[in-house]
Amino acid sequence: MAGKFTKCMMLCCSAKEPEDMGSESYEEAIAALSKLLSDKADLGSVAAAKIKQITAELEAAADPTQFDPVKRIETGFFHFKKEKYEKNPNLYGTLAKGQSPKFLVFACSDSRVCPSHILNFQPGEAFMVRNIANMVPPYEKTKYSGVGAAIEYAVLHLKVENIMVIGHSCCGGIKGLMSIPDDGTTSSDFIEQWVSICAPAKTKVKSENNELSFSEQCTNCEKEAVNVSLGNLLTYPFVREAVVKKTLVLKGAHYDFVNGKFDVWNLNFQIIPTLAV
Amino acid sequence: MVNPFPGKWFRSKAMRMNDVDDIQSGPSSSPKIIRRPPVSSSEASSKSLGLQEFTGSKVQNVNNSGERLDLFDELKRRFLSFKKHKYLEELEHFQTLKEAQSPKFMVIACADSRVCPSTILGFRPGEAFMIRNVANLVPPVESGPSETNAALEFAVKTLEVENILIIGHSCCGGIQTLMSMRDNGDSSFIKSWVTNGKIAKLRTEAAANHLNFDQQCRICEKESINHSLLNLLTYPWIKDRVRKGLLFVHGGYYDFLNCTFEKWTLDFKGSSVEERGRSLVRDQELWC
């Protein structure tokens, strides 16, 4: 939190050297800010938004039990409105009329892996589905129609050009899948049934990587589950058709936040004539 | 015929986004650190992924693999920028997150590319467990297993979030489909899914039949949020926690035509949150 505060002050008080910052009291910092704002009144609204955010953060840091969820999102919304929406009227004006994203992204619901952060997706760029362990169930009209609806909308209506399924490290859903006992007994209402969509990944990892630790097996399963989901995408006729026509490309990815890495790989297939009689 | 997916082959072909930088740095022993300009949200400094091409008509199909490579080059650049300017700068925070996540929010939002809650409400890594589906719908418990209720179960029982926030938005394609569909037998995934909001459609038509279609859609977008909020309470482990004051359930509506955000909290009095068919809400606010 303190780091963020200092950065903000550096933004406002550009004349100061970074080394001087640490020894200043907050009164001196506020005096410097007041002086800057009296010289440059147009910075007033920017400063107000930033100060509001800092105040909320410091309040939360000072007394974690006093977390006010409404205050938190209110601050976030006004920051977005002033720093993004109002500064990009052309972009947001265009987006108000419609969206034309190039990506359909499947990412985990995990709070640490939002693709808007790690890949900096801007509004309008990615139609995004988030669920436990970023899974795509196979084509089935009655069950899991939510995922089918998202794929159908993205491919047939929005005509996205890329589908990317992003797995990640320390995925609770994958760990849950790997922890389901061999006799198949489950203790949850819905979670274990959902993650069993990628049971083929678990089978593969257990048979090929049995010598690895549970945690290493989970890491491999995170990536193999992405592959299972990519394969399941091809069971949707409209996906298959677009892939064959080369208007759609499927990609797998894995975000490792333990080591700060990001892998991307292709799902390729070719139609190779083997016989022409 | 689709070739079977050779998982092992792809492992060796995987492009590791960090390695490419090292390869390009030359023969010196320490990799040259290429300073990239900080990624800001304005389109001027970051190459937007084809947004300038949008003129209201559908984007042309890209058969040019070169252009697609550009797209992924851009993603690589963005990840490396995130890593340098956020991940490494806030390493302590990310180390804590590595161990476990303890978000205070569970957010259910639409998959629409324009309404990511991380952007519009400024959620940072670790703050919000997020479900995104078409039209931010929550089916009731009796509809059986779904991706939405699996995530609900995890967020409420395992992560023990304190707040659930359902966020709807203006010009929602899913709600538009719901409002314009007729029971003519032809089915699609979208129609099957948005039928979860059917009661919201009936309420809208009953109350707002005199308004034009667009206006009715705006009303249905909000009715649907309320209906989904009530559906949350069909899950006993949610209702129980709400009753005990351990979990709060909120609705939110993002209007991107005017850039306003409306929020309200479901008021749980005794055993019912509905009175004469209307949801009891409190702390209603409009931010504009």
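The values are calculated or read from the model by the stated rules, or taken from the named source; none is laboratory data. Everything numeric here is computed off the predicted structure, so don't read it as measured data. Ideal geometry is used to build each Cβ from the backbone, glycine not excepted, and the neighbour counts take in all protein chains shown.
Here the range A:35-82 is the region considered, the condition is being hydroxyl-bearing (Ser, Thr, Tyr) and modelled with pLDDT of 85 or more, and the residue that is surrounded by the most Cβ atoms within 10 Å (Cβ to Cβ) is A:75.
Against the condition under 25 Å from residue B:284 (Cα atoms) and in the same structural domain as residue B:229 (by TED's automatic domain parsing), how does residue B:164 come out, does it pass? Yes; evaluated as a whole, the condition is true for this residue. Screening the range A:164-186 for residues that are under 29 Å from residue B:96 (Cα atoms) and polar (S, T, N, Q) and picking the one that is farthest from the other protein chains (Cβ to nearest Cβ) gives A:179.
Quick grid of which residues meet (1) under 23 Å from residue B:149 (Cβ atoms); (2) aliphatic (A, V, I, L, M); (3) modelled with pLDDT of 95 or more:
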residue: A:166; (1), (2), (3): yes, yes, yes
residue: A:189; (1), (2), (3): yes, no, no
residue: A:193; (1), (2), (3): yes, no, no
residue: A:206; (1), (2), (3): no, no, no
residue: A:220; (1), (2), (3): no, no, yes
residue: A:232; (1), (2), (3): yes, no, yes
residue: A:254; (1), (2), (3): no, no, yes
residue: A:271; (1), (2), (3): no, yes, no
residue: A:276; (1), (2), (3): no, yes, no
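Under the condition of being at the interface with chain A (Cβ under 10 Å from one of its Cβ atoms) and farther than 11 Å from residue B:115 by Cα, which residue from the range B:247-258 is surrounded by the fewest Cβ atoms within 10 Å (Cβ to Cβ)? Restricting to residues being at the interface with chain A (Cβ under 10 Å from one of its Cβ atoms) and farther than 11 Å from residue B:115 by Cα, the top hit is B:258. Residues considered: A:102, A:202. Of these, the only one that is touching a helix residue (DSSP H, G or I) at 6+ places or on another chain (Cβ under 6 Å), among the charged types (D, E, K, R) and surrounded by 22 or more Cβ atoms within 10 Å (Cβ to Cβ) is A:202.
Among what's in the range A:208-218 and is over 22 Å from the mean Cα position of the chain (by Cα) and surrounded by 15 or more Cβ atoms within 10 Å (Cβ to Cβ), pick the residue that is modelled with the highest pLDDT. Filtering first and then ranking leaves A:217. If a residue must be at the interface with chain A (Cβ under 8 Å from one of its Cβ atoms) and in contact (Cβ under 8 Å) with a residue 40 or more places away in the chain, how many such residues does the range B:140-150 contain? Number satisfying all stated conditions: 2. Listed by first and then second residue, the pairs with beta-carbon distance under 6 Å, at least 6 apart or on different chains, first residue in the range A:97-116 and farther than 21 Å from residue A:223 by Cα, second part of a loop (DSSP other than H, G, I, E, B) and among the small types (Gly, Ala, Ser), are A:97/B:56; A:99/A:124; A:99/B:113; A:101/B:113; A:102/B:50. Candidates A:107, A:149: the one that is part of a strand (DSSP E or B) and either at negative phi or within 8 Å of another protein chain (Cβ to nearest Cβ) (or both) is A:107. Among the numbered conditions (1) part of a helix (DSSP H, G or I); (2) more than 29 Å from residue A:92 (Cα to Cα); (3) out of contact with any Gly (no Cβ under 9 Å at 6 or more places or on another chain), the only one that residue B:119 does not meet is (2).
Is there a residue being in a helix (DSSP H, G or I), touching a residue at least 40 places away in the same chain (Cβ under 8 Å) and surrounded by fewer than 20 Cβ atoms within 10 Å (Cβ to Cβ) anywhere in the range A:153-163? Yes, because at least one residue in the range A:153-163 is in a helix (DSSP H, G or I), touching a residue at least 40 places away in the same chain (Cβ under 8 Å) and surrounded by fewer than 20 Cβ atoms within 10 Å (Cβ to Cβ).
If the condition is being more than 7 Å from every other protein chain (Cβ to nearest Cβ) and either touching a strand residue (DSSP E or B) at 6+ places or on another chain (Cβ under 9 Å) or in a helix (DSSP H, G or I) (or both), then the range A:122-146 contributes A:133, A:134, A:135, A:136. Listed by position, the helices (runs of 4 or more DSSP H) enclosed by the range B:149-249 that each have at least 1 residues that are out of contact with any Gly (no Cβ under 8 Å at 6 or more places or on another chain) and under 21 Å from residue B:264 (Cα atoms) are B:198-208, B:213-232, B:236-243.
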